[in-house]
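The values are calculated or read from the model by the stated rules, or taken from the named source; none is laboratory data. Because the structure is predicted, anything quoted here is derived from the model rather than measured. Don't worry about glycine lacking a Cβ; one is built from the backbone with ideal geometry, like all the others, and counts go over all protein chains shown.
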Amino acid sequence: MSTPFDPNDPGHQGPQWQGPPQQGGPPPQGPPPHQQQPGGPYQQQPPNGSAPPMTHAEARAHAKGAKAHAKALRPWWKKKRSWLGILVGLIVLGLLLSRCGGGSDPSGTAVPATTAPTTKAPATSAPATKAPATKAPEKKPTYTKEQQNAIEAAKSYLELSGFSRQGLIGQLSSEAGDGYSKKDATIAVDSLNINYNEQAARAAKAYQETSHFSRKGLIRQLESSYGDGYTHSQAVYGADHADD
């Protein structure tokens, strides 16, 4: 039984042409001269009307093209990439709808944004500390010996009777009185804290004890320059308080 011819079998070289017999030597090897092809071994020609056999690389390329063609003809719901794109699109659409509808309630009315009330802390200012006013020590006036004597004389007159300022200065500076200078007598009288309203009341009371005066006459006597020399207001006060 003969083995079938396989053109892809490298060990099969096909029928060998023996050539015409030669005398005195072995017959020639290989195919007949009219069937030899340059660059390769002898291959059997396919029968008329059939495609030539494909190589291994051509078979792989043909299988890959057929697979791509079958994949392109599949319906869209069977394609994995189509489902993936639809899923991504649905996720993006859901995010957009959640952002757009985040500020409205299900009824479609917009919900006003509520902001937390801000509490402003009251401004606290440190209490102003006022430095205590330091009062400069009062400087005691210095008097001459003559002025000191005039002061002591004025005190003695005030213990005896009531005097106005004008009357006490006149008593101290008069030649018939103490004979101090007008300047020293004035300094001595002004150095004393004398209430001349009370002095006018004392003088009015003395006049009432020795003589009878009307209110008008007593005021005139107290404010006269020839009398006691009080001011009009001091004389009025003295006349109104002579009986106290």
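Taking the conditions (1) touching a helix residue (DSSP H, G or I) at 6+ places or on another chain (Cβ under 9 Å); (2) surrounded by 10 or more Cβ atoms within 10 Å (Cβ to Cβ); (3) in a loop (DSSP other than H, G, I, E, B); (4) at pLDDT below 90 in turn, Trp83 satisfies each one other than (3). A search for C-beta distances below 6 Å between a residue of region 181-210 that is among the aromatic types (Phe, Trp, Tyr) and any residue that is assigned to a helix (DSSP H, G or I), counting only pairs 6+ apart in sequence or on different chains, returns Tyr196/Gln234. In the same structural domain as Gln147 (by TED's automatic domain parsing), surrounded by 14 or more Cβ atoms within 10 Å (Cβ to Cβ), assigned to a loop (DSSP other than H, G, I, E, B) and in contact (Cβ under 8 Å) with a residue 60 or more places away in the chain - does that describe any residue in region 165-179? No, the conditions are met nowhere in region 165-179. Could you list, in sequence order, the residues of region 219-239 that are surrounded by fewer than 24 Cβ atoms within 10 Å (Cβ to Cβ) and farther than 15 Å from Arg165 by Cα? Hits for region 219-239 are Ile219, Arg220, Gln221, Val236, Tyr237.
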